[in-house]
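Undergrad: Structure provided below as structure tokens; questions to follow.
The values are calculated or read from the model by the stated rules, or taken from the named source; none is laboratory data. What you see is a predicted model, and the numbers here were worked out from it, not measured in a lab. Glycine also receives a Cβ, built like all others from the backbone with ideal geometry; neighbour counts cover every protein chain displayed. These area figures cover heavy atoms from the full protein model, side chains too; ligands, DNA and RNA do not enter into them. Shrake-Rupley method; radii C 1.70, N 1.55, O 1.52, S 1.80 Å.
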Amino acid sequence: MSDATANSTPATPSASSLFKQDDRVKRRNAAEKRFKAYGLTAIGVGVTMLIILVSSVLSQGLSSFRQTFVTLPITVTQAEFEAAEASMLKTGKYKKLIQRGLEQRLATAELGDVVSIKDAMGLLSGQAPADLRMAALANQTWPLRQEFRFLANGRVDGYFKGRVTMEIAERDSRISPEQLELSQQLADAGIMETRFNRGFLTRTDGSPTRPEAAGLGVAFLGSLYMMMVVLALALPIGVATSIYLEEFAPKNRWTDLIEVNISNLAAVPSIVFGILGLAIFINFAGLPQSAPLVGGLVLTLMTLPTIIIATRASLKSVPPSIRDAALGLGASKMQTVFHHVLPLAAPGILTGTIIGLAQALGETAPLLLIGMVALVQNYPSAPPAGLEDPATALPVQVYIWTTRSDPAFVERASGAIIVLLAFLLIMNIAAILLRRRFERRW
């Protein structure tokens with residue numbers, strides 16, 4: 001009886017019960033919550049800094065895609081064109097033609113008697129005569145009658161964008177408060193307007209005194225040509241090297257040494273590759289400075305380790321059962337790699353390649369050492385001849401503009417950063433789409 005009573009008595013929960021947390025479990029759960037909070041805080045700080053950075057770039061750079069123009073009726077006869085081309089001061093002759101068109105426009109707007117033509121001409125960019133000459137050379141149909149949009153002075157453009165004020169104009173030797181008031185009168189009369197600036201994407205770089213005429217045309221083509229060289233060289237060489245090291249090379253000291261050196265090269269500062277390119281491609285091989293070919297070769301050396309490491313990781317991710325099945329069915333080692341392993345590793349290879357290209361697109365230091373900082377006024381020719389023509393690149397153009405004293409170039413530099421970020425975003429989106437397109441599950 002006593003035994004039955006004892007067996008029916010409920011047992012007291014022990015200290016290690018699953019239904020009761022001891023102090024050690026509470027501390028572990030609290031540490032886990034703190035770790036999650038730290039992670040969320042770090043993500044929040046990172047996202048906040050990114051938003052601040054993008055907002056700062058956009059607020060300073062979006063205005064570079066808009067420019068102030070002066071619309072004037074221009075008439076050029078064949079005799080005037082020939083006289084201007086025969087003159088020693090060609091731009092001076094074309095400037096007189098622009099002045100005549102401005103006088104006609106002021107008379108039409110009933111401002112001819114109240115506006116000084118000299119002050120009005122000072123509102124135009126110094127690039128205006130050159131633009132008129134280029135249009136006349138390209139037209140060759142006489143008489144040339146057309147409504148031309150000429151760039152306004154950089155200070156006038158800054159006034160309509162809020163960058164230049166009357167107080168600043170009082171201390172500025174290039175603009176006066178009276179000229180800013182005159183520009184407002186011309187804007188009210190419809191002679192001057194601020195609109196989309198297509199020339200920012202198509203023009204060449206301007207002189208340090210004409211920020212309104214500066215554009216990204218040469219830098220855009222230079223970056224495009226360099227990426228073509230990098231893609232044509234880095235992708236086949238990097239993939240071939242990875243396939244050999246991962247699938248065919250014997251495991252010995254030499255291959256271990258090569259693998260260690262490839263990993264170390266991926267961590268070498270980019271300026272070292274610039275010094276190497278200067279010594280080998282320019283001083284030794286005699287290739288021209290500031291050429292996209294030299295820049296592409298330097299960036300290829302810098303990108304190869306990234307592509308090799310990404311490709312080897314993709315090849316390793318293919319299950320060994322794929323190789324065993326192909327070899328078991330009688331396929332050779334070469335057939336196994338190229339018909340089965342490589343297609344399955346293609347998504348990772350493409351992703352690594354595009355990420356390497358995006359990294360190369362944003363490099364500046366190696367390009368500075370090979371002379372791609374010159375003021376290039378002519379577009380490079382089409383490839384392959386254009387690969388040896390002088391050019392610059394988007395990140396180098398940003399660097400050049402930030403070193404100039406005129407505040408308008410800071411606006412231009414921020415606009416160039418927006419274009420560069422857009423390119424990088426497009427390349428990363430392409431990497432994601434290609435990965436999803438070629439991804440296979442097993």
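Undergrad: Is there any pair linking a residue in region 160-187 that is on the phi < 0 side of the Ramachandran plot to one that is of a type outside the set (D, E) and open to solvent by 50 Å² or more (accessible area, probe 1.4 Å), with Cβ under 7 Å and at least six apart or on different chains, and which?
TA: Listed pairs, sorted by first residue: R163/P407; P177/M166; L180/Y159; L180/M166; S183/Y159.
Undergrad: Suppose we keep only residues that are part of a helix (DSSP H, G or I) and hydroxyl-bearing (S, T, Y) within region 290-317. Which one would you say is most open to solvent (accessible area, probe 1.4 Å)?
TA: Result: S317.
Undergrad: Can you tell me which residues in region 55-107 are assigned to a helix (DSSP H, G or I) and within 25 Å of the chain's Cα centre (by Cα)? First the steps, then the outcome.
TA: Taking region 55-107 first, the residues assigned to a helix (DSSP H, G or I) are 55-65, 78-86, 90-107.
Passing the criteria: S55, S56, V57, L58, S59, Q60, G61, L62, S63, S64, F65.
Undergrad: Looking only at helices (runs of 4 or more DSSP H) that lie completely in region 173-248, which have at least 1 residues being acidic (D, E) and modelled with pLDDT under 90?
TA: 177-188
Undergrad: For region 61-99, which residues satisfy the criterion of being farther than 30 Å from G162 by Cβ, of a type in the set (A, V, I, L, M, F, W, C) and touching a residue at least 24 places away in the same chain (Cβ under 8 Å)?
TA: I74, V76, F81, A84, L97
Undergrad: Given the residues V268, V337, which is the only one that is under 29 Å from L434 (Cβ atoms) and either open to solvent by less than 10 Å² (accessible area, probe 1.4 Å) or polar (S, T, N, Q) (or both)?
TA: Only one candidate qualifies: V337.
Undergrad: Still on this model: Which of the numbered conditions does A346 fail, given that it passes all the others? Conditions: (1) out of contact with any Ser or Thr (no Cβ under 9 Å at 6 or more places or on another chain); (2) under 30 Å from L224 (Cβ atoms); (3) open to solvent by 10 Å² or more (accessible area, probe 1.4 Å).
TA: (1)
Undergrad: A further question follows. Filter region 213-229 down to residues that are over 15 Å from the mean Cα position of the chain (by Cα) and open to solvent by less than 10 Å² (accessible area, probe 1.4 Å) and give me whichever is farthest from P73 (Cα to Cα).
TA: A214
Undergrad: Could you list, in sequence order, all residues of region 340-356 that are touching an Asp or Glu at 6+ places or on another chain (Cβ under 6 Å) and either among the aliphatic types (A, V, I, L, M) or outside any helix (DSSP H, G or I) (or both)?
TA: Hits for region 340-356: nothing passes.
Undergrad: Would you mind telling me which numbered condition in (1) within 16 Å of the chain's Cα centre (by Cα); (2) of a type outside the set (S, T, N, Q); (3) part of a helix (DSSP H, G or I) A408 fails?
TA: (1)
Undergrad: Under 6 Å between Cβ atoms, at least 6 apart or on separate chains: pull out the pairs that start in region 405-428 with a residue that is touching a residue at least 60 places away in the same chain (Cβ under 8 Å) and end on any residue that is of a type in the set (S, T, N, Q) and open to solvent by 10 Å² or more (accessible area, probe 1.4 Å).
TA: From residues that are touching a residue at least 60 places away in the same chain (Cβ under 8 Å), the pairs are E411/S63; A413/T402; S414/Q60.
Undergrad: From the residues in region 20-63 that are of a type in the set (S, T, N, Q) and within 17 Å of L420 (Cα to Cα), which one is surrounded by the most Cβ atoms within 10 Å (Cβ to Cβ)?
TA: S63
Undergrad: Testing V115 on (1) out of contact with any Asp or Glu (no Cβ under 7 Å at 6 or more places or on another chain); (2) assigned to a helix (DSSP H, G or I), one condition comes back false. Which one is that?
TA: Unmet for V115, out of (1) out of contact with any Asp or Glu (no Cβ under 7 Å at 6 or more places or on another chain); (2) assigned to a helix (DSSP H, G or I): (2).
Undergrad: So, one more: Can you confirm whether Q359 is part of a helix (DSSP H, G or I), touching a helix residue (DSSP H, G or I) at 6+ places or on another chain (Cβ under 9 Å) and either without any contact (Cβ under 8 Å) to a residue 40 or more places away in the chain or open to solvent by 40 Å² or more (accessible area, probe 1.4 Å) (or both)?
TA: Yes; evaluated as a whole, the condition is true for this residue.
Undergrad: Then there's this: Could you identify the single residue in R163, R155 that is in a helix (DSSP H, G or I) and surrounded by 14 or more Cβ atoms within 10 Å (Cβ to Cβ)?
TA: Among R163, R155, only R155 is in a helix (DSSP H, G or I) and surrounded by 14 or more Cβ atoms within 10 Å (Cβ to Cβ).
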